[in-house]
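Below is one structure, written out as structure tokens, with a few remarks after it.
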Amino acid sequence: MSNSDPYRLPSKPTIIPVWTLKQNPDLLQTPVAQISIIGTETSEADGVFHFRMSLVLSDKKVIRLDASPAFTDPSHMSRGYVLLEYDPELEPAGPAVFTVKVAHPEVTPLTAAHICKVLFNDNAQDQYDFNDDGNGCRHWCAVSLEKLAEAGYITSTAGPDLRAYEDQEHAKFGTTRFPMPRIQGGFYA
């Protein structure tokens, strides 16, 4: 990707840029300093966490990738979409956060565009069905990290490091709030 031909997100109903990012897609050219997987408590009675990926930009702003079930297609109620949202403020550290540093940022700046290209153009990470209960966001984040590690954008230990983190959080929060094994949806072609 050169500056003369900036990356644009694929135009698909499963990839939804909102607000500032939709109006200014050049924000995807901003270098990424780190990637965080952030779990926030839901309003569900069991307090289970909803996980999303945050690209922490070099200017300390954030592009969030939030994979969620759409619940709009009667034949695939748990078919997912990925909402991409730019936030000029860094998210506060919630109770469940896993952070990965980008690989070799001093050699080649890794941009949000590089990450989106790997996730959406090369690996169709937007084509995800959540389980019948609409769960599986942590699995989406984990597979996305694996794809970024395969591309050499983050350390190859990100997957095992995430699994160790999950074991630790499971011990802290218990099966109801932090289910293990990880709840999984599935990717489709």
Sort segment 13-61 into rounded, prolate or oblate with this rule: let a ≥ b ≥ c be the square roots of the eigenvalues of the Cα gyration tensor; rounded if a/c is under 1.5, and if a/c is not under 1.5, prolate when a/b is larger than b/c, oblate otherwise.
oblate
Computed [θ] at 222 nm, deg cm²/dmol, the chain (DSSP H ≥ 4; -39,500 (n - 2.57); rounded to nearest 500):
-7000 deg cm²/dmol
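For the chain, what is the relative contact order in percent, using Cα pairs closer than 8 Å and at least 6 residues apart in sequence?
Numbers: 356 pairs, mean separation 44.0, N = 189.
Taking the mean separation of contacting Cα pairs over the length of the chain, I get 23 percent.
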Fewest Cβ neighbours within 10 Å first, please rank LYS12, LYS147, LYS60 accordingly.
LYS60, LYS12, LYS147
Please give, to one decimal in nm, the separation of the simple spin-label points placed at THR72 and MET180, each 7 Å out from Cα toward the Cβ.
3.7
Kindly express, to the nearest 10 degrees and within the range 0 to 90, the angle between helix 137-150's C-alpha long axis and the longest C-alpha principal axis of the chain.
40
So for the pair TRP19, LYS101, with labels modelled 7 Å out along Cα→Cβ, what separation do we get in nm?
3.0
Counted neighbours (other Cβ, 10 Å), sorted fewest up, put LEU90, LEU145 in the order LEU90, LEU145
If I compute semi-axes √(5λ) of the Cα gyration tensor in Å from the structure I just sent, which labelled value in (i) 25, 20, 15; (ii) 35, 19, 15; (iii) 27, 18, 15 lines up?
(i)
Among rounded, prolate and oblate, which fits segment 87-189 when a ≥ b ≥ c are the square roots of the eigenvalues of its C-alpha gyration tensor, a/c under 1.5 means rounded, and a/b larger than b/c means prolate?
oblate
Just to be sure I follow the rule: in segment 15-187, considering lysines 8 or more places apart or on different chains, how many pairs have Cα atoms under 27 Å apart?
15
Quick one: Karplus J couplings for segment 9-23, per residue in order, coefficients 6.51, -1.76, 1.60, θ = phi - 60°, nearest Hz, x for Gly and Pro?
4, x, 8, 9, x, 8, 10, 10, x, 10, 6, 4, 5, 5, 6
Using only the alpha-carbon atoms, how far is helix 158-177 inclined from the longest principal axis of the chain? Give it as 0 to 90 degrees, nearest 10.
40
For ASP26 paired with ARG8, estimate the spin-label separation in nm (one decimal), with each label point 7 Å from Cα along the Cα-to-Cβ line.
1.5
Test of understanding: what is the full-extension gain from PHE187 to ASP133, defined as 0.36 nm times their sequence separation minus their Cα-Cα distance?
17.8 nm
Cut-off of 10 Å, at most 16 other beta carbons, DSSP loop: longest stretch of the chain lacking such GluC sites (Glu not before Pro)
107-189
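Every number here is computed from the coordinates shown, using simple stated rules; none is lab data. This is a predicted model, so every value here is computed, not measured. Positions of Cβ are generated from backbone atoms using ideal geometry, with glycine treated the same way; all protein chains shown enter the neighbour counts.
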